[in-house]
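See structure below.
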Amino acid sequence: MVDWEGPLTEAFERATTYLTGLPERPVGPRATADELHEALGGALPTGPTDAREVVAHLAKGVEEGLLPSGSGRFFGFVFGGATPAALAADWLTTVWDQNAGLYAAAPAAAVVEEVAANWLVELFGLPSGTSVGFVTGAQMANFTGLAAARHEVLRRTGWDVERDGLIGAPPIRVLAGAERHDTIDRALRFLGLGTSCIVPIDVDDQGRMRADALAAALETEGPQIVCAQAGNVNTGAFDPIAEICDLAHAAGAWVHVDGAFGLWAAVSPELRPLVAGIDRADSWATDAHKWLNVPYDSGLVLCAHPEPHRAAMSIRAAYLIQDENGRRDSLDFNPEFSRRARGFPVYAAIRALGRSGIAEIVDRCHAMARRFADTLAANGVAVLNDVVLNQVLVRFGDDDALTRRVVSAVQREGTCWMSGTTWQGKAAMRISVSNWTTDEADIDRSAAAVLTAEGVERGQGRLE
Ligand SMILES: *Cc1c(COP(=O)(O)O)cnc(C)c1O
């Protein structure tokens, strides 16, 4: 008989130890790459090893090399943690090992994704009938949304891009804010449009696309796609989506919104005004692994027009789209063929939190970001952005070198972890509050650690 219990018990015990230890664990990796190689490397195994022993060896070997991004004091990049329901459902996703590409291969996964898709559309306040794909992240969500856009703007000129490709096609202009996320450019590369199709649109001091600049750049003829952003990765700022939709649609353009984390503002009654007009866009990209705190990897693409979405992704001829029972095969909405049943943890997350629980996470992260900014500002630190969402940019003494040293010092000290960035040509520390557990005590401890690091780096408070 196969021993499932040994390796799974080992994993369970190590998992609960890790998770319950997270709140007090130093927030940063402790091991160097050399140490990790030492612990985990070695010659190719010449024969089998007991599964439980392998799990124990792996867990022990990686222990000091983990970046505890699920901690309430992890503020790096824009990472989320994992809620208990989503994490447990993710384990079962692995146990069930469903291939979610086809209904026939994973009926329960298909139904759960349909249910979760409808919940998401309602949560974000998007048009009913919006199609949804469960992808790996906002990178692939941007890719898929822009593939649907590419299909539709070319179809309107009489060009079938799925059949004829782009050689000889009418050129597409992609109008995108100068502060767009790099994954937009990468998606356009994957789509064969290349980055030279981008018409960069001027932004304001918060990184928001300027509507007047967009109006001037739109043309009256030819295929055009406008990429708007809900939540700038540095400042958290939102493009003026309603105005952008009006202008773009008047010019016959498709509007794709990159809302990797910012789209979740739509769930909060208080923050919803930030995304006013969002329901008028044509496609949206967002992540479940950021603000919904679903384990990696989990992104979502939503499209107001299921036909172009399906036309861009389906691997079957158009006349075979629906099987006779009208069941949804997710490979019609995803770039993957075989794929993990990512809908299970998304479903569990939404079911466990409900609308009010998701809004509470968003509102609390926003409030905690403001608390962090206010505390640092009260101690003379420059806050570079309007803290409209969960992102805070700070700078120490208008000094690039000092700012970078403070970021490194904070990372080494281990109370909290955040990364550095460059904003409008200046080095900054970027604080992203995206974890579902972050509370006031986390903020106060972290702000104190940042201020101490600043003091040390300024040469004050040195102990030796
Ligand atoms: C994180 C992010 C992305 C990329 O998302 P992944 O989930 O890492 O693929 C794209 N756009 C914005 C605005 C982001 O914050």
Checklist outcome for this item: Mean projected area (nm²) from the convex hull of Cα positions in the range 237-325 is 8.0
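Over the range 140-257, what percent of the accessible surface lies on carbon and sulfur atoms, probe 1.4 Å?
Values: 2250 of 4600 Å².
Taking all protein chains in place, the range 140-257 shows 49 percent carbon and sulfur surface.
When Lys and Arg each count +1 and Asp and Glu each count -1, what net charge do the other residues less than 13 Å away from Trp417, Cβ to Cβ, add up to? Show your work: numbers first, answer last.
Working: positive: Arg25, Arg30, Arg73, Arg412, Arg430, Arg445; negative: Glu413, Asp442.
Local charge sum for Trp417: +4.
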Checklist outcome for this item: Between Met1 and Ser338, Cβ-based FRET efficiency (R0 22 Å, step 0.05) works out to 0.15
Checklist entry - What FRET efficiency do you get for Glu122 and Val456 if R0 is 51 Å and r is their Cβ-Cβ distance, rounded to the nearest 0.05? => result 0.55
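Between Leu8 and Asp212, 0.36 nm times their residue separation minus their Cα-Cα distance comes to what? Kindly include the intermediate steps, with their values, before the conclusion.
Numbers: separation 204, 0.36 × 204 = 73.44 nm, distance 5.82 nm.
Between Leu8 and Asp212, full extension yields 67.6 nm more.
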Item to check | Per-bin percent of Cα-Cα distances, the chain [10 Å] | outcome: 4, 19, 27, 25, 17, 7, 1, 0
Checklist outcome for this item: For Phe190 and Leu58, extending 7 Å from Cα along the Cα-Cβ vector and measuring point to point gives, in nm, a value of 2.6
Checklist outcome for this item: Per the rule of 0.36 nm per residue minus the C-alpha distance, extending Thr17 to Ala88 adds in nm 24.1 nm
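Could you tell me which trypsin sites (Lys or Arg not before Pro) in the range 379-464 are loop residues by DSSP with no more than 14 other beta carbons within 10 angstrom of their beta carbon?
Working: sites: Arg395, Arg404, Arg405, Arg412, Lys426, Arg430, Arg445, Arg458, Arg462; in loops: Arg458, Arg462.
Sites meeting the loop and neighbour criteria: Arg462.
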Item to check | Within the range 282-318: backbone nitrogen closer than 17 Å to the Leu66 label point (7 Å, Cα to C-beta) | outcome: 294-297
Next on the checklist: Can you give the FRET efficiency to the nearest 0.05 for Arg327 and His37, using r as the Cβ-Cβ distance and R₀ = 51 Å?
Outcome noted: 0.60
Item to check | Pair Asp400, Ala378: separation of 7 Å Cα→Cβ label points (nm) | outcome: 3.3
Checklist entry - Which of the listed residues, Phe143, Gly168, Thr183, is farthest toward the dipole's positive end in the range 119-225, when Lys, Arg count +1 and Asp, Glu count -1 at the beta-carbon? => result Gly168
Checklist outcome for this item: One point scatterer per Cα, no solvent, Debye formula: log10 I(q)/I(0) for the range 328-464 at q = 0.09, 0.19, 0.20 Å⁻¹ comes out as -0.38, -1.02, -1.09
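Rounded to two decimals, what is Rg over Rh for the range 1-114 when you use alpha-carbon atoms and the Kirkwood radius? Don't skip to the answer; put the middle values down first.
Details: Rg = 17.4 Å, Rh = 17.0 Å.
Taking Rh as the inverse mean 1/r over Cα pairs, Rg/Rh reads 1.03.
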Next on the checklist: If I model the range 111-155 as equal point scatterers sitting on the Cα atoms and use the Debye formula, what is log10 I(q)/I(0) at q = 0.21, 0.22, 0.26, 0.27 Å⁻¹?
Outcome noted: -0.81, -0.87, -1.01, -1.03
Item to check | Accessible area expressed per residue, the range 123-210, with surrounding protein chains retained (probe 1.4 Å, Å²) | outcome: 41
Checklist entry - If you place +1 on the Cβ of every Lys and Arg and -1 on the Cβ of every Asp and Glu, how big does the dipole about the Cα centre of the chain come out, in debye to the nearest 20? => result 260
Item to check | Normalised per residue, the volume of the convex hull around the Cα set of the range 117-276 (Å³) | outcome: 116
Item to check | Stretchable slack from Arg272 to Asp160, in nm (0.36 nm times residue separation minus alpha-carbon distance) | outcome: 36.6 nm
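The values are calculated or read from the model by the stated rules, or taken from the named source; none is laboratory data. Computed from a predicted structure; not experimentally measured. Positions of Cβ are backbone-derived with ideal geometry, glycine not excepted, and every protein chain shown enters the neighbour counts. With ligands, DNA and RNA removed, areas are computed over all heavy atoms of the protein, side chains included. Shrake-Rupley method; radii C 1.70, N 1.55, O 1.52, S 1.80 Å.
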